[in-house]
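The values are calculated or read from the model by the stated rules, or taken from the named source; none is laboratory data. Because the structure is predicted, anything quoted here is derived from the model rather than measured. Note: ideal-geometry Cβ built from the backbone for every residue, glycine included; neighbour counts use all protein chains shown. Accessible surface is based on the protein model in full, side chains and every heavy atom, while ligands, DNA and RNA are left aside. Shrake-Rupley method; radii C 1.70, N 1.55, O 1.52, S 1.80 Å.
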Amino acid sequence: MSNEQNIDTNASSMEHCFENLILIDCGSNLANKKYARDLDQVLKRAKDAGVQKIIVPGNSVKASKEALRLTRIYPGDIYASAGIHPHDSKSIAEEPESWEDFEVIAANPEVVAIGPCGLDYQRDFSDPETQKEVFEKQIKLAISLRKPLLIHERAAQNDVVEILKKYSNNVMQIVIRGFIGTVEEALKYIDLGYYITLNGYLCKDKSDVGVRKLLEDGRLPLDRLIVETDSPFMYPNTRASKLPNHVKAGLTEKSMIFLHRYCTFQRNEPCSLPATVEMIAAFMNKGAEDVALATSFNALKLFGLSQ
């Protein structure tokens, strides 16, 4: 048997290895064209790896509609969020009639959150005032629909927090998606009662004041943490030279089979989530099962997913 055949056989044998462990990917961009040809296989690998449910985020009106379409094809496995990403805010200003379409999409029960929305001052795809206007429209929509908010924030924490505080008595729950900031920034969000999602960025973070430090110091409570792959992006490069040895030691053979066989820098997949959870657990000095169970419980409760 060739080495590749052996890996395939091993991967297939993993189908039951997580049968007592529920993993939920709270952000996988499965509407991306990179999955157009083999989405069924991608989802099967995710299930085999233990990823029972996936939330597909909508970053625009068009993407939100596509995310909703996937929920109809894979009911109970895929859920959607409907959002206008800060980068795409100008599209609403240029085509205001598209907002009505967006409201219709967001109202569907398969859409379990509003977002990603927020502010991004690192790039100028949409000007700040337009971003703020569209951000507030989505906050009001989330309130009216009684759905949680997924927040994208880059270099704009103060403005994001100030805007959210205006609606703090009415917003259901707030999730800071794909957090990559400092410990100080994270604690500001945590103190406000927000959730934080983490992904394979852990492998990139080399600062002594960032996400790794947050986990190592035990400053991120498990009841405020959820996980995502952000696939096809944020490939968790477990071979990174700067990844501490004790974290590498926490990675199991079964998670590595899925990661190294099916995921690349060009196309990450939801089946990489166990590896990310194992890394988070190692940084936190906790068991991977404890992190997986806690984050899955948080996701089920937060998004109202069926069990």
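Can we say I139 is modelled with pLDDT of 95 or more, touching a Phe, Trp or Tyr at 6+ places or on another chain (Cβ under 7 Å), surrounded by 21 or more Cβ atoms within 10 Å (Cβ to Cβ) and under 23 Å from P221 (Cβ atoms)?
On the way: modelled with pLDDT of 95 or more: yes; touching a Phe, Trp or Tyr at 6+ places or on another chain (Cβ under 7 Å): yes; surrounded by 21 or more Cβ atoms within 10 Å (Cβ to Cβ): yes; under 23 Å from P221 (Cβ atoms): no.
Answer is no for this residue.
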Consider only pairs whose beta carbons are under 8 Å apart and that are at least six residues apart or on different chains; among these, list those whose first residue lies in segment 228-250 and is touching a residue at least 24 places away in the same chain (Cβ under 8 Å) and whose second residue is open to solvent by 30 Å² or more (accessible area, probe 1.4 Å) and outside any loop (DSSP other than H, G, I, E, B). P232/K34; M234/Y201; T238/K248; T238/M256; G250/A288
Residue ID - most open to solvent (accessible area, probe 1.4 Å), chosen from residues in segment 43-77 that are more than 19 Å from V175 (Cα to Cα) and among the β-branched types (V, I, T): I73
Report, ordered by the first and then the second residue, all pairs with beta carbons closer than 6 Å, sequence separation of six or more or different chains, a first member in segment 31-46 that is over 13 Å from R261 (Cβ atoms), and a second member that is open to solvent by 20 Å² or more (accessible area, probe 1.4 Å) and of a type outside the set (A, V, I, L, M, F, W, C). A31/E66; K34/R267
Report, by residue number, each residue of segment 252-277 that is of a type in the set (D, E, K, R) and surrounded by fewer than 24 Cβ atoms within 10 Å (Cβ to Cβ). E253, K254, R261, R267
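Give me a count of the residues in segment 222-252 that are more than 29 Å from A67 (Cβ to Cβ), of a type outside the set (A, V, I, L, M) and assigned to a loop (DSSP other than H, G, I, E, B). Working first, answer last.
Taking segment 222-252 first, the residues more than 29 Å from A67 (Cβ to Cβ) are 239-252.
Within this subset, residues satisfying the condition of being of a type outside the set (A, V, I, L, M) are 239, 241-242, 244-246, 248, 250, 252.
Filter once more, keeping what is assigned to a loop (DSSP other than H, G, I, E, B): 239, 241-242, 244, 250, 252.
Going through segment 222-252 one residue at a time, the tally reaches 6.
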Lone qualifier among D120, D127 - being among the acidic types (D, E) and closer than 30 Å to C271 by Cα: D120
